[in-house]
1. Consider Ser161 carefully, then state whether it is at pLDDT 95 or above and in a loop (DSSP other than H, G, I, E, B).
2. Please go through segment 56-90 and pick out each residue that is within 17 Å of Ile207 (Cα to Cα) and open to solvent by less than 10 Å² (accessible area, probe 1.4 Å).
3. Can you name every residue in segment 68-106 that is touching a residue at least 60 places away in the same chain (Cβ under 8 Å) and either in a loop (DSSP other than H, G, I, E, B) or out of contact with any helix residue (DSSP H, G or I) (no Cβ under 8 Å at 6 or more places or on another chain) (or both)?
4. Looking only at segment 139-154, which residues are open to solvent by 40 Å² or more (accessible area, probe 1.4 Å) and either under 22 Å from Met202 (Cβ atoms) or part of a loop (DSSP other than H, G, I, E, B) (or both)?
5. From the residues in segment 244-268 that are in a loop (DSSP other than H, G, I, E, B) and at pLDDT 95 or above, which one is farthest from Ala318 (Cα to Cα)?
6. Would you mind stating whether Asp172 is surrounded by fewer than 21 Cβ atoms within 10 Å (Cβ to Cβ), out of contact with any Leu (no Cβ under 7 Å at 6 or more places or on another chain) and either outside any loop (DSSP other than H, G, I, E, B) or modelled with pLDDT of 95 or more (or both)?
7. Give the residue, chosen from Val38, Val19, Val8, that is in contact (Cβ under 8 Å) with a residue 24 or more places away in the chain, more than 23 Å from Gly162 (Cα to Cα) and assigned to a helix (DSSP H, G or I).
8. Out of the residues in segment 282-319 that are open to solvent by 60 Å² or more (accessible area, probe 1.4 Å) and assigned to a loop (DSSP other than H, G, I, E, B), state the one that is farthest from Asp120 (Cα to Cα).
Amino acid sequence: MSLPVFEVYLPESLQDAVVFYSRNVANTKIVAGGTDLVPSLKQRLFEPDYLLDIKSLQELYGIHEISDGGLRIGSLTTITDLVQSPILQKHFPVLQQAAATVAGPSLRNVGTLGGNICLDTRCYWYNQSYFWRQSCGFCIKKDGTLCHVAPGSKQCWAVYSGDTAAALLTLDARLRLVSAKGERLLPVSDFFVNDGLIRNKMNPGEILCDILIPGKSRDYHGAYEKYRIRGSVDYPLAGVAVAVKGSNGEVEDVRIALTAVNPLPILLKDPITLFHNRDELQKLVTRTAKPLKTSASTMEYRRHIIGIMLKRSLEKLAAGKT
């Protein structure tokens, strides 16, 4: 499949980028690694007039320690850089593990953290060629009015399929969003929307510039489990991120987040209250996961396997393997 016709704009600075984006937001897509966007362009899911290529903006790269012991990670930092980062491996392992499961090595070399966070939602009825979608009458997310997953719904149920967002939820991370009007900080927990069409709360013209992890999230033991059809390359069909902090054998805090089973990644509320009752905690996770027929895997199996992955994560943490 060929690409649609568009022009590429190469900004000289972040200010240049946000000014251009503010003037052309309706017909512009941002590109950096392009690992998710380029296939979507070929499928004619997007046909922008412009691609705003921001990968030359050096201020958006790197993993930097900040004064409180936390991190500032530039949105253009590659997934490979996250995987290979000693500070993530030692002090923020849940993010390092989630990054290590993203796609395959070649895609991790060019794919970025910002791109993984801002992934478009995915669905069996949406991520297809134009001719395939046309034969089905299109869908509510693109060119149609019907959700094939839930025909009686006016909402899009395409599923969020990023890995790193679940880890960032457990780390209480925030996002720095910059536009021509200024900048704002938004918690990752407030960024996503439970609608596959709307997706997130990014305002028109905003660019994700930094991911901020507070020092209080340092040194949580972490684990990330992912279910996918193939052992590499594939997007998650279910994912669980777990972060636990404790001392002297006592658990002080537990954070659990799910991905790829809802239109948004979800942070469970107060899982520590059920931490010592693993059966009930597993039931809470499977109740929270609401997968629909958006992929090649069944809804029942994805709901089942997410409980199993939680069990595996907790066993790893208890054994000190992560």
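1. Working: at pLDDT 95 or above: yes; in a loop (DSSP other than H, G, I, E, B): yes.
So Ser161 passes the test.
2. To start, the set of residues in segment 56-90 that are within 17 Å of Ile207 (Cα to Cα) comprises 56-62, 72-78.
Within segment 56-90, Leu57, Leu60, Ile73, Gly74, Ser75, Leu76, Thr77 meet the criteria.
3. Answer for segment 68-106, where residues must be touching a residue at least 60 places away in the same chain (Cβ under 8 Å) and either in a loop (DSSP other than H, G, I, E, B) or out of contact with any helix residue (DSSP H, G or I) (no Cβ under 8 Å at 6 or more places or on another chain) (or both): Asp68, Gly69, Gly70, Arg72, Ser75, His91, Phe92, Pro93, Thr101, Val102, Ala103, Gly104.
4. Taking segment 139-154 first, the residues open to solvent by 40 Å² or more (accessible area, probe 1.4 Å) are 142-143, 145-146, 148, 151-152, 154.
Passing the criteria: Lys142, Thr145, Leu146, His148, Pro151, Gly152, Lys154.
5. First pass over segment 244-268, keeping only residues in a loop (DSSP other than H, G, I, E, B): 248-249, 260-265, 268.
With at pLDDT 95 or above added as a condition, the list becomes 260-265, 268.
Numbers: Ala260: 25, Val261: 26, Asn262: 28, Pro263: 31, Leu264: 28, Pro265: 25, Leu268: 20 Å.
Looking at the filtered set, the residue picked out is Pro263.
6. Working: surrounded by fewer than 21 Cβ atoms within 10 Å (Cβ to Cβ): yes; out of contact with any Leu (no Cβ under 7 Å at 6 or more places or on another chain): yes; either outside any loop (DSSP other than H, G, I, E, B) or modelled with pLDDT of 95 or more (or both): yes.
Spelling it out, Asp172 is indeed surrounded by fewer than 21 Cβ atoms within 10 Å (Cβ to Cβ), out of contact with any Leu (no Cβ under 7 Å at 6 or more places or on another chain) and either outside any loop (DSSP other than H, G, I, E, B) or modelled with pLDDT of 95 or more (or both).
7. Numbers: Val38 fails: more than 23 Å from Gly162 (Cα to Cα); Val8 fails: assigned to a helix (DSSP H, G or I).
Being in contact (Cβ under 8 Å) with a residue 24 or more places away in the chain, more than 23 Å from Gly162 (Cα to Cα) and assigned to a helix (DSSP H, G or I) holds for just one of Val38, Val19, Val8, which is Val19.
8. In this case the residue turns out to be Ala319.
The values are calculated or read from the model by the stated rules, or taken from the named source; none is laboratory data. What you are looking at is a predicted structure, and each value in this text was computed from that prediction instead of being measured. Glycine gets a Cβ as well: all are built from the backbone with ideal geometry, and neighbour counts include every protein chain shown. The protein model used for the area step is the full one, side chains on, heavy atoms only, and it has no ligands, DNA or RNA in it. Shrake-Rupley method; radii C 1.70, N 1.55, O 1.52, S 1.80 Å.
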